[in-house]
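Participant: There's a structure below that I have some questions on.
The values are calculated or read from the model by the stated rules, or taken from the named source; none is laboratory data. No experiment lies behind these values; they were computed from the predicted model shown. Virtual Cβ from ideal backbone geometry, glycine too; neighbours counted across all protein chains shown.
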Amino acid sequence: MATFCFRCLKCDAAFQRKKHLATHYVRTHHSQDSLCRSTFRFHPRLTASKCDENGNNLPPGAPPPPQQDSGPDNWFPFEDRSTFHIAELLFKKVQMSAGDIDNLLEFWAARSVSASSDLDGAPFRDAQDLYNTIDLIEHGDAPWESFEVRYSGPVVADSPTWKQTNYRVYYRNTRTVAHNMLKNPDFDKKIDYTVFQEYTGPGQRQYSNLMLGDWAWNKSTTIAEADQAMHRSMLVPIILGADKTTVSVATGQNDFHPVYMSLGNVHNSVRRVHRDALLPIAFLAIPKACRKEEDTDEFWIFQKQVYHASLAKILSPLRAAMTTPEVVWCPDGHYHCAIYELGLFIADYPEQVVLAGIVQGWCPRCQATPEQLDFCYLAHRSAHNNDTLSQMQEALTRFHEHRTIFEDTGIHPDGFSLPRQHTLNHYIDTICNFGSPNGICSSITESKHIRAVKEPWHHSSKNNAIGQMLLTNQHLDKLVAACADFKKRNMFWGSVLGQALQAAGQVVEVEVAEDELDVMDIEGPPESSSVTLTARQEFSCPIEVIVDQLQQPDLPELIQCFLYDQLYSNENLPSSDVPLADCPSFAGCVKIFHSARATFHAPNKLSGLGGMHREIIQSNPSWQNEYERYDTVLIDRDADQDGM
C-alpha cells in the first residue's frame, strides 16, 4: 500500500507521486483550501480512473467531454431566467396550491391586456401549464412506478384478510436515482471518488466521511481481489434510510413507509444541509390485520417478508453493476466506472428490528440478549481521531460505572434492558467503519420526511393524495436538478432584473438589499469571521446632530482618537497617550446604518456546505416602524484588555 505525505513531497511510488503533486491542495469538510498537514493513503487498486463514455481509460490530464446543450442562454424548458425563478417560487418556495396559481396567473394575464399597462403576458397559462413545463425538465428525472405484493401461500375463503389483500408499493428506479446523484454538478468537489485513509500524525487516524472508514477500505480490497476487472473502478456505497413515521393520514388510511437513498461518496456536510443528497425512493406498504390476528407469529413473519421482498425488488436495478462496473457521469465532468455496494441503513430501533429479523429488545449488531443490554455529544463531531474515540470510550465507561446509582436507590431495581443505551457500545466500532455519524444519522431522514411527505400532503387535495405527493417529489427533484445545471453554466449572474435589462440593451445599476434577509447560509469553504455594514444607509447628518441625538458630548473626541489608532496603527504610542490636538480632526457628516452583516464559521445544518453562516445584526430604534430592535449587547468583561 503506497503512502505519501503532502508536507515533505515524498512518496514511495512514482504514480502516487504524480497524484501527490496533482492534489497538493485539497478541500475537506472541516478545513480550508490550504496546504494539508495530513498523510493520505489511497487504495491502490480501486482508483476511480477517468474514462470515456465507453469505459476506456483516458490519459492523464484529459479534459472532460463537452456537455450537450450547455449554451449560456439555453433555459429549456423555460423561456428565460425569470420564468424559471417564477416556477421555482410558486412551486418550491411558496408551495402555492393549483387554485391559487390559476388565480395569480389569471390576474397577471388580465393586467397585461389592460390599456394602461405595458407589462408582458403571464409566463404560464395556468397551474397545469406550469406543471407541464416542469415535466419537460430532463435533469433529475426519476419517475415513480408501482408493484403489488401479496401472500403467496394457500388462501381459502376463511383465511385472514391480510392473506387475501394486495399491497401496493411505490418506488423509483434506484439505478436512475444513483445516476442523477452522481452527475449532479452541485456535488462537484463535495464527493470522494476513491477510498482513502487520513492520518493527522504518527498513528493518529482520522475518520470523517464514509469513504475514509474501514468498511469502505476493506470492501474495496475484497472487490479488487475477487476480480481484476474491477481495478481502477469507483466504489459507490448505497446508503438507505427509513423514517418510522407512517403516512396513514396522508394516504387515506393506507399506511406507507418512506424509504430514502443516498450515496456514500457524498460528504456528510452535503447531506447535512439537505442538498438533495438524500432522496425518497420508495413508499413501502404496511400490512394490517385485525386485533386477534396481528399478534400471531405468522402475521409478524409476513410483515417482515413484505418489507424485505419489497426492498429486494426496489434495489434490483443496481444488482448488475454490483459485479460488473458501469460507466457513470460524475460531478467533475468526467466518466468513471462505478461498482455499487450496499452500505449502511439509517434507521431507529423499530426499523432495526425488522431489518435484522430479531426479537424486540435484542441488539441487531451483536448476540446480546435483553438481560445483557444495559451520551453522546462527542459522537456528533464532524471528524474523529484516536483521541476523540478514546474520550468516547472513557465517557461510556464512566456512564456504566455511575448509572448503578439508579439501581442502588431503587429507582430501577431490576437493572437495565435499554437497546438505545446498549447501542452506545457500538458507536466507536461504527465510526471506525463508516466515519462520523454527523451526516448519516436518523435526524437526516427525519428532516427529509418534512419535505418528502408532510409538505406534499398539505399541498395536495387530500383525496387519494399518495399520487399527488409522488408527483410533487418528482417535480421538486427536477427543479433542483435544473437549478444546479443552470448554476454550473454560470447563468445566474447579477439580479434577475439587472440581467434582463442588460439583455435588452439597457445598462442600469440595480442595488440588491441583502439585509432584507435576517439569516442565510453561505457557500464556499470556511473563512475568517467578519462584520460589515449593509448596503442601505438610513440617513446622513452632521456630527453635531448625532451628538444631540445620542446625548454623547464626547463623541467628537472619541472619533478623533479612533481615527488616530486607525491611521497610525504602526506607531508604538496609543491615542490615549497622545494629546487630542495631535489627533486627526473630524467635522463632516456621519452615515447612520441600522444593521450590519455578520459572517462567521458555525458548522450546523443551517449553514452552507463550508460551515459558513450569515446573520443580519439589527440596531434599529424603529424596526418595521413598530418597535425597537437591538440584537447585540456589548459587555466589558475586562477593561484592561484591548478590543471587545
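Participant: Return the residues of the stretch 345-365 that are within 22 Å of the chain's Cα centre (by Cα), within 19 Å of ILE238 (Cβ to Cβ) and either at pLDDT below 90 or surrounded by fewer than 16 Cβ atoms within 10 Å (Cβ to Cβ) (or both); say none if nothing qualifies. Even if it seems obvious, please write down each step before you answer.
Facilitator: Narrowing the stretch 345-365 to residues within 22 Å of the chain's Cα centre (by Cα): 345-348.
In the following step, the residues that additionally are within 19 Å of ILE238 (Cβ to Cβ) were identified as 345-347.
Those that are within 22 Å of the chain's Cα centre (by Cα), within 19 Å of ILE238 (Cβ to Cβ) and either at pLDDT below 90 or surrounded by fewer than 16 Cβ atoms within 10 Å (Cβ to Cβ) (or both): ILE346, ALA347.
Participant: Can you confirm whether ALA289 is part of a helix (DSSP H, G or I) and either buried (at least 19 other Cβ atoms within 10 Å of the Cβ) or assigned by TED's automatic domain parsing to the domain that holds THR445 (or both)?
Facilitator: Values: part of a helix (DSSP H, G or I): no; either buried (at least 19 other Cβ atoms within 10 Å of the Cβ) or assigned by TED's automatic domain parsing to the domain that holds THR445 (or both): yes.
Here the answer is no, as ALA289 does not meet what is asked.
Participant: Is it the case, given these coordinates, that PRO154 is surrounded by fewer than 18 Cβ atoms within 10 Å (Cβ to Cβ), in the same structural domain as LYS313 (by TED's automatic domain parsing), more than 22 Å from THR472 (Cα to Cα) and modelled with pLDDT of 85 or more? Quick ask: steps written out before the conclusion?
Facilitator: Numbers: surrounded by fewer than 18 Cβ atoms within 10 Å (Cβ to Cβ): yes; in the same structural domain as LYS313 (by TED's automatic domain parsing): yes; more than 22 Å from THR472 (Cα to Cα): yes; modelled with pLDDT of 85 or more: yes.
Judged against the criteria, PRO154 is a match.
Participant: Give the number of residues within the stretch 527-571 that are at pLDDT 80 or above, assigned to a loop (DSSP other than H, G, I, E, B) and within 30 Å of MET612 (Cβ to Cβ).
Facilitator: 1
Participant: Residues ILE428, ILE450: which one is over 28 Å from HIS179 (Cα atoms) and surrounded by fewer than 20 Cβ atoms within 10 Å (Cβ to Cβ)? Show your work before the answer.
Facilitator: Working: ILE450 fails: over 28 Å from HIS179 (Cα atoms).
Only one candidate qualifies: ILE428.
Participant: Within the stretch 319-333, count every residue that is assigned to a strand (DSSP E or B) and small (Gly, Ala, Ser).
Facilitator: Just the residues of the stretch 319-333 that are assigned to a strand (DSSP E or B), to begin with: 326-329.
Remaining after also requiring small (Gly, Ala, Ser): none.
Of the residues in the stretch 319-333, 0 are assigned to a strand (DSSP E or B) and small (Gly, Ala, Ser).
Participant: Out of the residues in the stretch 469-504 that are in contact with a strand residue (DSSP E or B) (Cβ under 8 Å, 6 or more places away or on another chain) and hydrophobic (A, V, I, L, M, F, W, C), which is surrounded by the most Cβ atoms within 10 Å (Cβ to Cβ)?
Facilitator: Within the stretch 469-504, the subset in contact with a strand residue (DSSP E or B) (Cβ under 8 Å, 6 or more places away or on another chain) is 470-471, 473-474, 477.
Filter once more, keeping what is hydrophobic (A, V, I, L, M, F, W, C): 470-471.
Working: LEU470: 21, LEU471: 17.
Among residues in the stretch 469-504 that are in contact with a strand residue (DSSP E or B) (Cβ under 8 Å, 6 or more places away or on another chain) and hydrophobic (A, V, I, L, M, F, W, C), the one surrounded by the most Cβ atoms within 10 Å (Cβ to Cβ) is LEU470.
Participant: Go through (1) outside any helix (DSSP H, G or I); (2) at pLDDT 85 or above and name the single condition ASP120 misses.
Facilitator: Among (1) outside any helix (DSSP H, G or I); (2) at pLDDT 85 or above, ASP120 violates only (2).
Participant: Right, something else. Failed condition for MET181, given (1) farther than 30 Å from ARG41 by Cβ; (2) at pLDDT 90 or above, with all others met?
Facilitator: (1)
Participant: Please verify whether ARG232 is basic (Lys, Arg) and in contact with a Cys (Cβ under 8 Å, 6 or more places away or on another chain), treating the condition exactly as stated.
Facilitator: Working: basic (Lys, Arg): yes; in contact with a Cys (Cβ under 8 Å, 6 or more places away or on another chain): yes.
It is true that ARG232 is basic (Lys, Arg) and in contact with a Cys (Cβ under 8 Å, 6 or more places away or on another chain).
Participant: Please specify each residue of the stretch 293-302 satisfying the condition of being polar (S, T, N, Q) and at pLDDT 90 or above.
Facilitator: First, pick out the residues of the stretch 293-302 that are polar (S, T, N, Q): 296.
Residues satisfying the conditions do not exist here.
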